[in-house]
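Report on the following structure.
The values are calculated or read from the model by the stated rules, or taken from the named source; none is laboratory data. Remember, predicted model here, so these are calculated numbers, not experimental data. Because the Cβ atoms are built from the backbone with ideal geometry, glycine has one as well, and the counts that use them run over all protein chains shown. Accessible surface areas use protein heavy atoms only, side chains included; no ligands, DNA or RNA. Shrake-Rupley method; radii C 1.70, N 1.55, O 1.52, S 1.80 Å.
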Amino acid sequence: MPESSLEPMSPLMGAVSQGALTVREEGPTGMIALRGDLSDPAFTAPVEALAGCRVPGVWQSSGSDTRALLWMSPDELLLLMPYGDARSAAPQLQAELDRQTVFALVQDVSDMRVRLRIEGPQMREALARLTPADVSPSALPVGSLRRTRIAQVAAAIHVLSAEQAEVFCFRSVADYAFRLLSGAARNAPEFEYF
């Protein structure tokens, strides 16, 4: 069967957990890891052209529901896009950056990571039960993210709104992360701490 006709396989098959909060797997998402000098226009211009948005500030995100850039570290971004676009976009972007003769690493990591969404009024309380990161609104406002861990696995938390956040983790621990979030969400405290 030709590779292009294969449908992406979701690690959790679209799992949803309902409780005090809702946790759901977002399904296959195109994700391209980018490394380079975030202050160099020769690097950022092609990245912004592909993403359709500006390079975000430290611990921030920019973009829309269909394409976004997440600041992951001083020299790293994560580009989110439709799953079907990432496979061809990554080598095209790498070729463009090579023509600019700037150091850059472009890697399609769509099949390495999973994207989970947690939604509800006590979203922050549920996350606070699992991560050492400060998830208060002043430390982690809407539109920001933190690389941290949930229990024993590496994760990134991206706050989408007052009641929604995304958690990114490796595909190999998707079931564990989903169960952790589901347990915290099912028994989310009824009081509002944040």
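The residue list T101, A174, A151 was ranked by how far each Cα lies along the charge dipole of the chain toward its positive end, using unit charges on Cβ atoms, and A151 comes out on top. Per residue, the accessible area of the range 24-127 comes to 43 Å² when a 1.4 Å probe rolls over the protein heavy atoms.
Kirkwood radius, the range 148-194, all distinct C-alpha pairs, inverse of mean reciprocal distance: 11.7 Å. Taking the Cβ of L127 as the center, what net charge do the other residues with Cβ under 13 Å away carry, scoring Lys and Arg +1 and Asp and Glu -1? Its environment carries a net charge of 0.
Each residue of the range 108-116 is assigned a 3J(HN,Hα), and the resulting list reads 6, 10, 4, 8, 9, 10, 10, 10, 10 Hz, derived from the Karplus form 6.51 cos²θ - 1.76 cosθ + 1.60 (θ = phi - 60°), x at Gly and Pro. A Cβ-based charge dipole, computed about the Cα centre of the range 1-130 with Lys and Arg at +1 and Asp and Glu at -1, lands at about 380 debye. Angle between the Cα long axis of helix 174-186 and the longest principal axis of the chain, 0 to 90 degrees, nearest 10? For helix 174-186, the angle is close to 40 degrees. Please work out the C-alpha center-to-center distance from the range 34-50 to the range 117-161 and express it in whole Å. Cα centres, the range 34-50 to the range 117-161: 27 Å. In this Cβ point-charge picture (+1 for Lys and Arg, -1 for Asp and Glu), the range 12-88 has a dipole of about 160 debye about its Cα centre.
In the range 28-143, the ratio of gyration radius to Kirkwood radius, Rg to Rh, stands at 1.01 when only Cα atoms are counted. Across the chain, Cα pairs under 8 Å and at least six residues apart give a relative contact order of 25 percent. Ranked by the mean number of other Cβ atoms within 10 Å of their residues, highest first, the peptides 166-179, 114-127 fall in the order 114-127, 166-179.
Please give the net charge around A86, taking every other residue with its beta carbon less than 12 angstrom from that of A86, where Lys and Arg add +1 and Asp and Glu add -1.
Surrounding charge for A86 is 0.
Mean residue ellipticity at 222 nm, helices only, the chain: -7500 deg cm²/dmol; runs of at least 4 DSSP H residues each add -39,500 (n - 2.57), and the sum is divided by the number of residues.
Could you check how much of the accessible area of the range 103-194 is carbon and sulfur, as a whole percent, using a 1.4 Å probe?
Of the solvent-accessible surface of the range 103-194, carbon and sulfur hold 51 percent.
Summing Cβ point charges (Lys, Arg +1; Asp, Glu -1) relative to the Cα centre of the range 70-194 gives a dipole of roughly 300 debye. Take every pair of alpha-carbon atoms less than 8 Å apart whose residues are at least six positions apart; their mean separation over the length of the range 1-106 yields a relative contact order of 27 percent. Among V55, S88, T22, pick out the residue whose Cα is farthest towards the positive end of the charge dipole of the chain, where Lys and Arg carry +1 and Asp and Glu carry -1 on C-beta, about the Cα centre. Projecting each Cα onto the dipole axis, the largest value belongs to T22.
For the range 1-100, with all protein chains present and a 1.4 Å probe, just round the carbon and sulfur fraction of the accessible area to a whole percent. Result for the range 1-100: 53 percent of the exposed heavy-atom area is carbon or sulfur. The percentage of C-alpha pairs in the range 83-194 whose separation is greater than 24 Å is 36%.
Rg of the Cα atoms in the chain, relative to 2.2 N^0.38 Å, amounts to 1.05.
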